[in-house]
1. In whole Hz and in residue order, list the ³J(HN,Hα) couplings for the stretch 520-527 that follow from phi through the Karplus curve 6.51 cos²θ - 1.76 cosθ + 1.60, θ = phi - 60°; x for Gly and Pro.
2. Can you give the extra length, in nm with one decimal, that the chain gains between residue 513 and residue 227 once fully stretched, where that is 0.36 nm per residue apart less the Cα-Cα distance?
3. At a Cα cut-off below 18 Å, give the aspartates and glutamates reachable from residue 434, other chains included and same-chain residues fewer than 8 away excluded.
4. Please work out how much length the chain gains when fully extended from residue 100 to residue 525, using 0.36 nm per residue of separation minus the C-alpha to C-alpha distance, in nm with one decimal.
5. Taking a probe of 1.4 Å, how large is the accessible area per residue of the stretch 319-406, in Å²?
6. Of the options 33, 96, 352, report the single residue whose Cα projects farthest towards the positive end of the charge dipole of the chain (beta-carbon charges: Lys, Arg +1; Asp, Glu -1).
7. Going by a ≥ b ≥ c, the root eigenvalues of the Cα gyration tensor, does the stretch 235-327 fall in the rounded group (a/c under 1.5), the prolate group (a/b larger than b/c) or the oblate group?
8. If the limit is 30 Å between Cα atoms, which of 256/428; 256/308; 428/492 go over it?
Amino acid sequence: MATAPSPVFLPPSPAPSLAAVPAPASEPSTRWLIGMLLVVVLLPRLAVFAFNENLYGDAVVRTELAERWLRAPHVITAYGDGAYQFGPLHMYLVGAALSVLDREVAGRVVSLLFGVLSVVPLFALTRRLFGWRAGVVAALAFSAWGMHLQFSTTAGSEAVSLFFMLAAFALYAEAVDENRFGPLFQAAVMLNLACALRYDAWMYIPLLCAALWFSSDDKVAALTRAVGFGLACLPFPLLWMQGNELMHGDPFYPIKAVEDFHHAWVRSSAGSGAAIGWRLQQLGFWPGVALVTLTPGVALLGMWGMVKAWKARPDTRWLVAAAVVPTAYFTFRSVVLLNFVPLGRFTVTQLAVLPVFVAFGFASLVGARGEGVRRAVAGVTAVLAVGIPVAMGLFTFRAEGRYQDMMRPVSPTSTNPVPVMAVATFVKDEVAAKGGSIALDDDPSYMDLQVAFFSGLPEERIARVRWDTFRQRLQEARPQVLVRFDQGSLAKLPGVELDGRTLVLDGVAYEELDGFSAPLHVYRRRD
């Protein structure tokens with residue numbers, strides 16, 4: 001990914017000078033810089049990799065789907081062909097990792113690889129727009145980003161998708177800066193790959209095409225670039241739409257399935273009536289996640305840098321729009337239309353843009369102040385950037401409680417509830433290791449998926465209430481152990497009787513075992 005060197009001479013400009021950021025005047029070797037930044041990003045992620053567990057981002061489901069694909073490799077062409085609501089490219093990447101790694105780490109290694117490599121396009125993008133020192137600042141802020149530490153060490157698709165989005169942004173900036181179509185075509189390739197991972201990447205095709213239209217006073221050239229870039233972005237979306245049209249009769253079937261899920265989720269979360277409290281909560285969601293996860297210093301300097309750059313640096317407006325427009329769109333859906341539930345992981349692409357503007361925001365805010373003020377602001381920002389993620393990670397690590405559960409999705413550490421892992425460990429040691437099988441209740445919060453995944457049992461040895469094949473698997477597997485959830489559906493099924501510590505399932509009696517805590521109950525079949 002080519003980048004232009006920092007200019008030696010700059011004409012007079014209303015933009016603040018980045019000379020306020022203390023650094024040597026000469027630029028070090030780019031290879032040396034990138035190598036050092038890769039190490040800086042890798043180290044904190046390695047520190048949490050040994051402790052983190054697959055929990056959020058449908059990490060366990062993605063891994064199980066990748067296992068199915070690996071057993072019968074093929075080109076996934078539609079929702080019902082093995083990817084469901086997920087992007088097919090992630091199935092291929094995790095499937096390839098599963099061929100050489102254990103299921104509990106394969107997807108996490110994929111995330112770690114792309115999560116660490118993301119610093120390369122981030123540095124290239126920031127260096128091109130604001131200089132190498134700003135690139136170092138952006139990379140350092142990125143290295144300590146607590147939420148990204150979790151994404152880089154669990155098997156969701158966020159870290160992988162962000163790599164391709166940042167690569168697309170860096171190549172797009174190169175194309176606009178140098179007025180060349182080569183990098184623009186490469187940016188379109190990266191965007192195709194991002195679209196094959198997550199559906200939120202699709203909105204960047206029209207957004208970046210529109211930005212190209214405004215990138216030049218020569219409207220013929222601008223239109224040519226916009227149309228060419230748009231066409232180059234379409235291969236995967238069109239093929240995916242065709243596959244879903246052929247299989248499901250609707251080219252937008254996966255997107256509509258996700259939309260239906262969010263509609264139902266809003267109804268269950270916001271309740272009836274005006275839902276004023278819920279709307280207000282969603283109104284501040286994106287900036288709130290930025291302040292909590294990027295920490296106040298980095299987030300506020302990045303936001304201020306965006307505001308100042310919009311007027312002083314018109315060449316960066318497309319990147320500001322890439323962060324602001326999707327944020328406004330999802331916020332409008334959450335607050336006004338009430339048809340979308342935001343999650344921290346949905347903000348990752350927009351929040352990743354903020355570090356790009358941190359050094360510019362710092363220079364515009366305190367660049368004219370004394371050295372003491374600059375040092376104080378830089379010091380407080382650095383301490384918060386490191387201290388808050390460390391404190392949050394320790395606070396949520398293997399800890400239960402209302403506030404821990406609230407912070408866990410955006411914390412550097414991702415660990416399953418202790419009762420869930422206790423049951424999973426028991427099943428792994430006492431059932432899976434001895435060739436046995438289990439009957440598994442469903443759970444409204446999907447913790448049954450976690451028990452199944454970490455138990456180490458293959459699919460054919462688990463009779464899951466969540467599956468429509470539950471009765472068939474029950475007869476085939478004849479499970480020795482049964483796992484029930486307090487809010488599960490098992491106790492409500494026909495043929496099930498629950499009397500104290502005894503549960504009878506289709507005439508087979510199971511006795512509850514001691515040593516486990518609510519909401520899980522473990523039973524062993526009575527001989």
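1. Going residue by residue, I get 9, 9, 10, 10, 10, 5, 6, 6 Hz, with x marking Gly and Pro.
2. Values: separation 286, 0.36 × 286 = 102.96 nm, distance 6.55 nm.
Answer, rounded to one decimal: 96.4 nm.
3. Output for residue 434: 459, 460, 476, 527.
4. Additional length available on full extension: 149.4 nm.
5. 44 Å²
6. 33
7. Details: a/c = 3.21, a/b = 1.34, b/c = 2.39.
Taking the square roots of the gyration eigenvalues as a ≥ b ≥ c, the stretch 235-327 is oblate.
8. Too far apart for the 30 Å limit: 256/428; 256/308.
The values are calculated or read from the model by the stated rules, or taken from the named source; none is laboratory data. This one's a predicted model, so the numbers in the text were calculated from it and none came from an experiment. All Cβ positions, even for glycine, are placed from backbone atoms using ideal geometry, and neighbour counts span all protein chains on display. Only protein heavy atoms, including side chains, enter the accessible area calculation; ligands, DNA and RNA are left aside. Shrake-Rupley method; radii C 1.70, N 1.55, O 1.52, S 1.80 Å.
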